[in-house]
Amino acid sequence: MRMRFKPYAHDELMAADFHVHEPLIWGGRWHAQYARPEQPFVLELGCGKGGFISQLASAHPENNYLGIDITDKVLILAKRKIEAAYQAAGRPIDNVKIMSTDIERIKGVLTPEDTVSRIYINFCNPWSKNASSNKHRLTYPRQLIQYRAFLEDGGEIYFKTDDDDLFRDSLEYFPASGYEITWKTFDLHENEPAWNIRTEHEGMFTEMGIKIKALIARKLPGDETVTWIEPKVLKKMAAAEADAAEAAAHGETADA
Ligand SMILES: C[S@@+](CC[C@H](N)C(=O)[O-])C[C@H]1O[C@@H](n2cnc3c(N)ncnc32)[C@H](O)[C@@H]1O
């Protein structure tokens, strides 16, 4: 997504009290940042222009929400959509926050004490053109394993994408990262669930005639449920095994 630089974004975001100005200092204390700390805590990763979180959070005052994106350039639009949605709902903005953070470095920003009930990942960048860049996908196992630190056991990840490669790979990523896929569809709009809220990218891809793929995955308890091994580690293991087999074969020849 190409966005023009918006120099006013910083000042406007800093003036909004639901924008988290210092993301790195709240680890372990996120619940206490909300008017009703006892409520379930829900994340949207890569919230973009905020169409999704503004509608979801303003309709569900019984949950607390945090929308995260890497760039202020879209968060400024999310900020405005949140203000508009809460004004329309006639509610104070007391159960949603937004912040700019690199989700690949989320470890420590959120900790096990921040117990998250649910995570939404909507139309994350597919990184499909180059296999070695796949590790930046927000559903790549390295990331899914990081989320395990703060997602409660049984907590769910709702994931939607337009991208066939990303969806196919994610069907493998989730189980290997200790999640059970409890529901999936290759055409979300064929029988659109009542809970679905269409995002900006969902609208755009749907207009282009691209089917939306979606799944719900539940976090399984216990580190033993994580079976993922990085491809480069697997490669090294295979090479070491091949070397050992070759050495053994030479040894056998020398002995003969
Ligand atoms: C394709 S857009 C989708 C936006 C929105 N969820 C939607 O469905 O319309 C992906 C968003 O993820 C954000 N993003 C990508 N990588 C990220 C990262 N590592 N950390 C935080 N945000 C990221 C991008 O800035 C962008 O806003």
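Just the residues that are within 11 Å of the ligand (Cβ to nearest atom) and touching a His at 6+ places or on another chain (Cβ under 9 Å), please, taken from the stretch 28-48.
Gly48
Would you point out which residue out of Pro112, Pro61 is at pLDDT 95 or above and more than 22 Å from Phe174 (Cα to Cα)?
Values: Pro112 fails: more than 22 Å from Phe174 (Cα to Cα).
Answer to the check: Pro61.
What are the pairs, 6+ residues apart or on separate chains, where a residue within the stretch 98-112 that is in a strand (DSSP E or B) has its Cβ under 6 Å from a residue that is within 11 Å of the ligand (Cβ to nearest atom) and at pLDDT below 95?
Ser100/Asp72
Quick test for you: out of Ser177, Ser170, pick the one residue that is of a type outside the set (A, V, I, L, M), crowded, with 18+ Cβ neighbours inside 10 Å and either within 16 Å of the ligand (Cβ to nearest atom) or on the phi > 0 side of the Ramachandran plot (or both). Before the answer, list the steps.
Values: Ser177 fails: either within 16 Å of the ligand (Cβ to nearest atom) or on the phi > 0 side of the Ramachandran plot (or both).
When all the criteria are applied, what remains is Ser170.
Being more than 20 Å from Lys184 (Cβ to Cβ), in contact with a Pro (Cβ under 8 Å, 6 or more places away or on another chain), in contact (Cβ under 8 Å) with a residue 40 or more places away in the chain and charged (D, E, K, R), is that true of even one residue in the stretch 133-156?
Yes, the stretch 133-156 contains at least one residue that is more than 20 Å from Lys184 (Cβ to Cβ), in contact with a Pro (Cβ under 8 Å, 6 or more places away or on another chain), in contact (Cβ under 8 Å) with a residue 40 or more places away in the chain and charged (D, E, K, R).
Pick from the stretch 108-157 the residues that are in contact with a Ser or Thr (Cβ under 9 Å, 6 or more places away or on another chain) and among the basic types (Lys, Arg): which of them is nearest to the ligand (Cβ to nearest atom)?
Residue satisfying both the conditions and the ranking: Arg137.
In the stretch 15-70, which residues are under 21 Å from Gly203 (Cβ atoms), of a type in the set (D, E, K, R) and free of Cβ contacts under 8 Å to residues at least 40 places away in the same chain?
Once the filter is applied, which keeps residues that are under 21 Å from Gly203 (Cβ atoms), of a type in the set (D, E, K, R) and free of Cβ contacts under 8 Å to residues at least 40 places away in the same chain, the stretch 15-70 yields only Asp69.
If you go through the stretch 93-107 one residue at a time, how many are acidic (Asp, Glu) and either within 15 Å of Ala32 (Cβ to Cβ) or away from the ligand (no atom under 15 Å from the Cβ) (or both)? Before you say what the answer is, go through the steps one by one.
Of the residues in the stretch 93-107, the ones acidic (Asp, Glu) are 94, 102, 104.
From what's left, either within 15 Å of Ala32 (Cβ to Cβ) or away from the ligand (no atom under 15 Å from the Cβ) (or both): 94.
Residues in the stretch 93-107 being acidic (Asp, Glu) and either within 15 Å of Ala32 (Cβ to Cβ) or away from the ligand (no atom under 15 Å from the Cβ) (or both): 1 in total.
Answer yes or no as to whether Arg80 is of a type in the set (Lys, Arg), more than 14 Å from the ligand (Cβ to nearest atom) and surrounded by fewer than 20 Cβ atoms within 10 Å (Cβ to Cβ).
Numbers: of a type in the set (Lys, Arg): yes; more than 14 Å from the ligand (Cβ to nearest atom): yes; surrounded by fewer than 20 Cβ atoms within 10 Å (Cβ to Cβ): yes.
For Arg80, the condition - of a type in the set (Lys, Arg), more than 14 Å from the ligand (Cβ to nearest atom) and surrounded by fewer than 20 Cβ atoms within 10 Å (Cβ to Cβ) - is met.
Residues being crowded, with 19+ Cβ neighbours inside 10 Å and either assigned to a loop (DSSP other than H, G, I, E, B) or within 17 Å of the chain's Cα centre (by Cα) (or both): count how many of those fall in the stretch 59-77.
Residues that pass the stated criteria total 8.
If a residue must be within 16 Å of the ligand (Cβ to nearest atom) and either of a type in the set (Lys, Arg) or more than 17 Å from the chain's Cα centre (by Cα) (or both), how many such residues does the stretch 180-199 contain?
The total comes to 5.
Check the stretch 228-244 and report whether any residue there is part of a helix (DSSP H, G or I), small (Gly, Ala, Ser) and under 22 Å from Leu45 (Cβ atoms).
Start the filter on the stretch 228-244 by keeping residues that are part of a helix (DSSP H, G or I), which leaves 231-244.
Retained after the next criterion (residues that are small (Gly, Ala, Ser)): 238-240, 242, 244.
Those still in the list that are under 22 Å from Leu45 (Cβ atoms) too: none.
Scanning the stretch 228-244, I find no residue that is part of a helix (DSSP H, G or I), small (Gly, Ala, Ser) and under 22 Å from Leu45 (Cβ atoms), so the answer is no.
Please state which one of Asp243, Asp255, Asp163 is farther than 28 Å from His31 by Cα and at pLDDT 95 or above.
Values: Asp243 fails: at pLDDT 95 or above; Asp255 fails: at pLDDT 95 or above.
Residue meeting the stated conditions: Asp163.
The values are calculated or read from the model by the stated rules, or taken from the named source; none is laboratory data. The model shown is predicted, which means the values in this text are computed figures rather than measured ones. Cβ sites come from the backbone with ideal geometry, for glycine too, and all protein chains shown count toward neighbours.
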